[in-house]
Amino acid sequence: MTATPIPSSEMIPMLDLRAQFESIAPEIRAAVEAVLTAQHFVLGPQGAALEQEIAAACGVGHGVGVASGTEALELGLHACGVGLGDEVIVPAFTFIATGSAVSALGARPVFADIDPVTFNLDPDQLESRITPRTRAIVVVHLFGLSADLDPILEIAAKYAIPVVEDNAQSFGATYRGHKTGSMGRIGCMSFYPSKNLGAYGDAGMIVTNDDKLATRLRSLRNHGQTAQYLSTERGWNSRLDELQAAVLRVKLRHMADWTAARQAHARLYNSLLADVPGITLPRVPPGREHVYYLYTIRVAGRAGGARKGVENADELRSDLVQQRLKERGVASVVYYPVPLHQQPLYALLGGKPGDFRVSERAAREVLSLPLYPEITREQIERVAKAVRESATE
Ligand SMILES: Cc1ncc(COP(=O)(O)O)c(C=O)c1O
C-alpha cells in the first residue's frame, strides 16, 4: 500500500504523558515547589508518606521506596535469601528486568512457560522446575492482570519457597479480592514514567507484610546501614528521592479515576473489536480485576496465510498488521518480541526454540494498542477501525 504519510501530530500514540501532565500541572508544580523549598531530597517526609500510602493502597503493612522496579526485585530477592549459584523460577515471557534482577545476584533464572490466556506463569508448569537449589519463585502480573496465584502459592508453600510478585505493571489489580503485590512474601513495583503510576524519572517500591524484612530492606537500600555510618552488611544505594515521591503522591490521588478510565477504554475496545476475524482480545478470568497497563491483542499466523501471493509470505501477520496500523496513523508495540530463554543474554543457559512454546507463540502474536486514561472515544474508534481494516485487508 502506498499511503500518504500521516503527520506525526495526527498519529495516535501508545501513551500521552503530556496530556496527563496538563490535567494535573498545578498540583505537580506545587508539590515540586514544596520539595524545593524544603531542600530535603533523599529519605525525607515525602518518601515516608508515599511508602505509607502505597502500602495502604496495596493492603500491606510496609512500603520501602527504592530507585527502580529492577532494584526492587534485586533487593527483594536478596532479602528473601537468593544468592550466588541459587535458582529462581521466572516466567519465560516478561520484561528482561525480571530475569536480570536474578542474574545480578549471581543466581540463575530457571524459566517456566505461561498460560496462553493471561500471559502469566502457568501453575501447571511450576512444580517440575523446582529443584533443591530453588530459592524463590517470581510471579509476574503482566499487562495489568494478576497471575493465578492460589495454585502457585500452594506449590510454593509445599516446598517452603518464597513467592516474589513482580507487580511492576499491575498496581491496583486484584485477585480474589486481594491487591496484587500483597499475596507473596514481597511485591515489587516500578514507577517508571510509562507505568500506570509513573514518576518523572526512575523509582520503585517493595511492599510486604513482614516487619523484619521491611526493616532489613530499609537498611539494604542505604548501604546496609543499621545506624548512621554503621554498615552491618553490603547494601545498595537505591533510594526513592523526594522529588519523585512528591510527584507520585500527587498522581496517587488520581489513580482510582485513571484506572476506571483505562477499564472503560478497554471495554470500548472489546465491543468495537469483538467481531474482527483473526484477532484475539484480552480475556479476564473470573475473580480478577484487570488494570490495563496494556491492551494487548493477539494476531496469529503468517502473512501468506492471510492472503495468498503476498510479498514476504513468511512475515508474521502481527508485524503486517502493525505496519498497516502505522500507515493509518496508529501506534502499536510488541511487548515482548523475544522470550527470556531466547535472549542473547541467556544464550549460555542453552535455551532453544521450542523450549517454551506458549511463550514463543505469544512473542510472535502479541500487539499492544494505544490505551491511556486521557485517550478519547474518537481516538479509540479510529484505532478500532484501523485494526479492523488492517486485520482483514
Ligand atoms: C514486568 C516488569 N518487571 C520489572 C520492570 C523494571 O522496572 P524499572 O524499569 O522501574 O526498573 C518492569 C518495567 O520496566 C517491568 O515491566
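The values are calculated or read from the model by the stated rules, or taken from the named source; none is laboratory data. Source: prediction; values computed, not measured. Note that we place each Cβ from the backbone using ideal geometry, even for glycine, and neighbour counts take in every protein chain shown. Accessible surface areas use protein heavy atoms only, side chains included; no ligands, DNA or RNA. Shrake-Rupley method; radii C 1.70, N 1.55, O 1.52, S 1.80 Å.
What the table below lists for this structure:
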item: Residue list for the range 359-382, filter: within 19 Å of the chain's Cα centre (by Cα) and of a type in the set (A, V, I, L, M); result: 362, 363, 366, 367, 369, 371
item: Any hit, the range 112-119, residues being open to solvent by 10 Å² or more (accessible area, probe 1.4 Å) and aromatic (Phe, Trp, Tyr); result: yes
item: Condition met for residue 84 (in contact (Cβ under 8 Å) with a residue 24 or more places away in the chain and either more than 16 Å from the ligand (Cβ to nearest atom) or assigned to a loop (DSSP other than H, G, I, E, B) (or both)); result: no
item: When residues of the range 141-158 are limited to those that are open to solvent by less than 10 Å² (accessible area, probe 1.4 Å) and among the aliphatic types (A, V, I, L, M), the one farthest from the ligand (Cβ to nearest atom); result: 156
item: Residue check, residue 234 charged (D, E, K, R) and away from the ligand (no atom under 16 Å from the Cβ); result: yes
item: Tally, over the range 89-108, of residues that are open to solvent by 10 Å² or more (accessible area, probe 1.4 Å), more than 8 Å from the ligand (Cβ to nearest atom) and touching a residue at least 60 places away in the same chain (Cβ under 8 Å); result: 4
item: Sole exception among (1) at pLDDT 95 or above; (2) out of contact with any helix residue (DSSP H, G or I) (no Cβ under 9 Å at 6 or more places or on another chain) for residue 309, by number; result: (1)
item: Output for the range 61-77, where each listed residue is away from the ligand (no atom under 12 Å from the Cβ) and open to solvent by 40 Å² or more (accessible area, probe 1.4 Å); result: 61, 62
item: Selection count, the range 35-57, where residues are within 16 Å of the ligand (Cβ to nearest atom) and under 11 Å from residue 206 (Cβ atoms); result: 1
item: Top-ranked residue of the range 172-202 - restricted to ones that are open to solvent by 20 Å² or more (accessible area, probe 1.4 Å) and aromatic (Phe, Trp, Tyr), ranked as farthest from the ligand (Cβ to nearest atom); result: 200
item: Single unsatisfied condition, residue 223 versus (1) open to solvent by less than 30 Å² (accessible area, probe 1.4 Å); (2) farther than 16 Å from residue 50 by Cα; result: (1)
item: Leading residue by the ranking (nearest to residue 139 (Cα to Cα)) among those in the range 159-171 that are more than 11 Å from the ligand (Cβ to nearest atom) and outside any strand (DSSP E or B); result: 162
item: Qualifying residue in the range 347-364 (condition: touching a helix residue (DSSP H, G or I) at 6+ places or on another chain (Cβ under 6 Å), open to solvent by less than 20 Å² (accessible area, probe 1.4 Å) and at pLDDT 95 or above); result: no
item: Search result, residues across the range 1-60 that are outside any helix (DSSP H, G or I), open to solvent by 20 Å² or more (accessible area, probe 1.4 Å) and either closer than 30 Å to residue 180 by Cα or in contact with a Leu (Cβ under 9 Å, 6 or more places away or on another chain) (or both); result: 13, 14, 15, 16, 41, 42, 43, 59
